[in-house]
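Quick notes on the structure that follows.
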Amino acid sequence: MRMNANGERGQHWEAQLRKGCLEMAILSTLWNGRLYGLEILRCLADKSQLQVAEGTVYPILSRLKAEGLLQSEWVEAEAGHPRKYYWLTLSGRRRAREMAEAWNDFSASLAVLVQPVLKREIDDDQLDAD
Amino acid sequence: MTNLTPTRNEQIEAYLAGLNEALQGMRREQREEILREIRTHILDSLPDNPQAVIEPVLRALGAPERLAEHYRTEFLLAQASHSFSPWLLLSTAWRWAHIGIRGFVVFLVAVFGYGAAVTFLISVLLKPFLPNQVGLWVGRGTLEFGTPGHRAGVHEVLGNSYIPVTMLLAFGAAVGTTHALRWLIRTRRRPAH
C-alpha cells in the first residue's frame, strides 16, 4: 500500500513538473524555425518525452500569440488544406532564452543535490521499517 | 487532401459544432480562428486510409467543452496578466480556481483583498450618516473597524480622521490585491522551480 501511495504521489509530482515546463518546451520547439500545431506536438513527444494532451497545447499557443511571444500565418500546404504556422517573435526568443537559462541553472544545481540519492541503492526493508 | 467518408465528415462537423457552441461568448473572429485550426489538426492527424476511425483523434483532443474551457482560461490569463481591472482579475481567478488548487488559493486572495477594500469603502460611506456608530474602536483587548459588536468599555480613536485613513486603507487593499493577482497570474507560466 505504501509503495502504491508513493507511486501515485510520484506520478502526480512528475505530471506537475511536466506541466510546469510545457510553455518553455513549446517555445523551444520553435527556436529553429516555424512549425504548425501537429508538428509542435510531435516534436514535444519525440524530443522531450512530453506526452502532452493535444487539447492543452492549442490554447497555450493562442495565449502565447496573444502575449506577443509568437506570430502565426496560414500557409497553403500540399495536404490540400492550409496550416497555421507559428514562429517566435523577438520577445518570444528572449523569453525562451530566459526560461532555458533558468532551467539550466536550476537543474544543474539540483543535480548536485540528488547525485547521492541516485548512487545509493534503496533498501526496501529499511523503508518498510520506517 | 485527406479522403473523408460521409460518416467521418459528419463526426468532424459534429465535434466542431460542439466546440463552437462551447466557445460562445468569445469574439467571432477568435472562435473562427480556433475552429479552423482544430479542423486542420483533425485532418492532419487522420491516417491516409479512408477507413481509419476518427474517434482516437477526437478523443486525444478531449471533449469540446473541455477544450473550450482551456481556451477561455488561456485567453483570460493573457488579458489579466496585463490588466489592472479588478473585475477581469477576479473573473480570471474564479475560472482558474476551477482547474487547480493554486487557482483556488489565488481566488481566495482575490476575494479577501477586494472584499477588504469594499468593506472599508462601505464604512466610509456610512460614516457621515452614522458618525457615532462607525469608527475604529479600541478597548478591553479589542480593535474593531466599522460598528463594534458591543459598546461597553470601547471608544473610537480616529474621529475626523476616520474617512481619509479608511479611504487610504481601501485604496491600499485594492492596489495591493491587484498587484498580487497580476504577479500570481504571471508567475503561473514560469517553469516549475
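Working from Cα pairs under 8 Å separated by at least six residues, relative contact order for the stretch B:1-101 is 31 percent. Dividing the mean sequence gap of close Cα pairs (under 8 Å, 6+ apart) by how many residues chain B holds gives a relative contact order of 18 percent. Shielding of peptide B:36-43 by partners, expressed as the average count of other chain Cβ atoms within 10 Å per residue Cβ, is 6.
Karplus-based coupling profile of the stretch A:58-71, in residue order and whole Hz: 4, x, 5, 4, 4, 5, 4, 5, 4, 7, x, 8, 10, 10, with θ = phi - 60° in 6.51 cos²θ - 1.76 cosθ + 1.60 and x standing for Gly or Pro.
So for the stretch B:45-119, what percent of the C-alpha to C-alpha distances run longer than 20 Å?
Numbers: 1321 of 2775 pairs.
Roughly 48 percent, once rounded to a whole number.
Applied to the stretch B:153-161, the Karplus parametrisation 6.51 cos²θ - 1.76 cosθ + 1.60 on θ = phi - 60° returns per-residue 3J(HN,Hα) values of x, 10, 9, 7, 10, 8, x, 6, 7 Hz, with x for Gly and Pro. Shielding by partners for peptide B:72-80, expressed as the average number of C-beta atoms from other protein chains within 10 Å of each residue's C-beta, is 4. Put in order of Cβ neighbour count within 10 Å, fewest first, the listed residues A:26, A:40 become A:40, A:26. Once both labels are positioned 7 Å from their Cα atoms along Cα-to-Cβ, the gap between residue A:90 and residue B:122 label points is 5.0 nm. Coupling constants for the stretch B:74-86 follow from the phi torsions by the Karplus curve (6.51 cos²θ - 1.76 cosθ + 1.60, θ = phi - 60°), and in residue order they are 5, 5, 5, 5, 5, 6, 5, 5, 10, 10, 10, 7, x Hz; glycine and proline get x. Ranked by how many other Cβ atoms sit within 10 Å of their own Cβ, fewest first, the residues A:52, B:109, A:114 fall in the order A:114, B:109, A:52. Extent along the principal axes, Cα only, for the stretch A:12-128: 62, 29, 20 Å, with the longest axis given first. Computed per residue of chain B from DSSP H runs no shorter than four, each worth -39500 (n - 2.57), the mean residue ellipticity at 222 nm is -21500 deg cm²/dmol.
Each 10 Å bin, from zero up to the one with the longest distance, holds this percent of the alpha carbon pairs of chain B: 8, 24, 20, 18, 13, 8, 6, 3, 0.
Between residue A:13 and residue A:102, the modelled label-to-label distance comes to 2.2 nm, taking each label 7 Å out from Cα in the direction of the beta carbon. Spin-label model, residue A:39/residue B:36: points 7 Å from Cα along the beta carbon direction are separated by 1.8 nm. Using the Cβ-Cβ distance between residue B:55 and residue A:113 with R0 set to 45 Å, the FRET efficiency from 1/(1 + (r/R0)^6) comes to roughly 0.50.
Quick note: the coordinates plus some simple rules give every number you see, no bench work behind them. Given the structure is predicted, the values throughout are model-derived calculations rather than measurements. Cβ: placed from backbone, ideal geometry, glycine included. Neighbour counts: every protein chain shown.
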